[in-house]
Structure formats: C-alpha cells, structure tokens
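This report concerns only the one structure given below.
The values are calculated or read from the model by the stated rules, or taken from the named source; none is laboratory data. None of these values were measured; they are calculated from a predicted model. All Cβ positions, glycine included, derive from the backbone under ideal geometry; neighbour counts span all protein chains shown.
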Amino acid sequence: MYGLSITKPDGSLWISPGFTPQCLINKGTIPATEKAFFKTSIPSGKSCFFFIRTEKKADVMYTHEQIDGYHALRLHQIVRGTNPGVTTVYAFANMVTQPSEYGIAMYNPSGEMIYHGEMMLLDAKLIP
C-alpha cells in the first residue's frame, strides 16, 4: 500500500491509491427539445455515467452517445403530452479534473494523480 487510504465509518475502503474513484466531472443542462444534447469533457476511453433531474415529471428517453470523442447525453424522445422542462445532467467518470495550485492530492504507485481535495466523489449508499 502506498500513501494513505480513507475508510468509511464501518472500516471498509472508501478511497485508496489503487484506483481512481468515480467523481463529478461536469454538470450541465439539456433544453426540452428532442435531439438536444449535453457533451461532457470526459473522453470516450473513460467510464462515464449520468444522473439526471428534470424540472417537471415527464416520460422521456435519453441516449448515452459519443460525440467528437467525448461522452454525451442526448434527449432522444419526449412522450406526447409531457414536458420535462430543462434537464439537469450530472456526469461522473473515473478521471481527475485539473487541480488548483495547492491542496491535498493522492497518487498511485506510478506517480499518477488519482484524486485531489477539490473533486466531488460519488458516495452511493445501499438502501435496504
């Protein structure tokens, strides 16, 4: 083990130098227009997933696409009679954002930064 590990209150591993955690990379919006999309800054080679929030309850289909080598989320179809309003998109990936000049950071054994203190980690909890 290199560096430090941060554990959860139950003692299980939360973050360690052995992997890059899923972090919030981009937040943006999609207007309520079919075929409109939100393109992230996450390269196609990185894992990526989205959480979304719509202004209003509606029946909507989205597609996860690659546009110009980056992950994107497209509003594919709005079911007739519904209107989601603006969709807020939260894009998570296993990559590091640009850090500021100071702060805390974690590096893997190869010297690659895997996390810094300004990143927002995804903290999912299992609900029984």
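Please identify the pairs in which a residue from the stretch 61-82 that is in the same structural domain as Phe51 (by TED's automatic domain parsing) has its Cβ atom under 6 Å from the Cβ atom of a residue that is in a loop (DSSP other than H, G, I, E, B) and of a type in the set (Gly, Ala, Ser), counting only partners at least 6 apart or on another chain.
Gln66/Ser44; Gly69/Ser44; Leu75/Ala36; Thr82/Ala58
Taking the conditions exactly as written (surrounded by 13 or more Cβ atoms within 10 Å (Cβ to Cβ), touching a residue at least 24 places away in the same chain (Cβ under 8 Å) and in a loop (DSSP other than H, G, I, E, B)), does Ala58 satisfy them or not?
yes
Select from the stretch 13-36 the residues that are surrounded by fewer than 18 Cβ atoms within 10 Å (Cβ to Cβ) and at pLDDT 90 or above and list them in ascending order.
Listed by number, the residues that qualify are Leu24, Lys27, Gly28, Thr29, Pro31, Thr33, Glu34, Lys35, Ala36.
Which one is modelled with the lowest pLDDT among residues in the stretch 76-110 that are outside any loop (DSSP other than H, G, I, E, B) and not aliphatic (A, V, I, L, M)?
Tyr107
Taking the stretch 111-122 as the search range and keeping residues that are part of a loop (DSSP other than H, G, I, E, B) and touching a residue at least 60 places away in the same chain (Cβ under 8 Å), which one is farthest from Ala32 (Cα to Cα)?
Only one residue fits best here, namely Met119.
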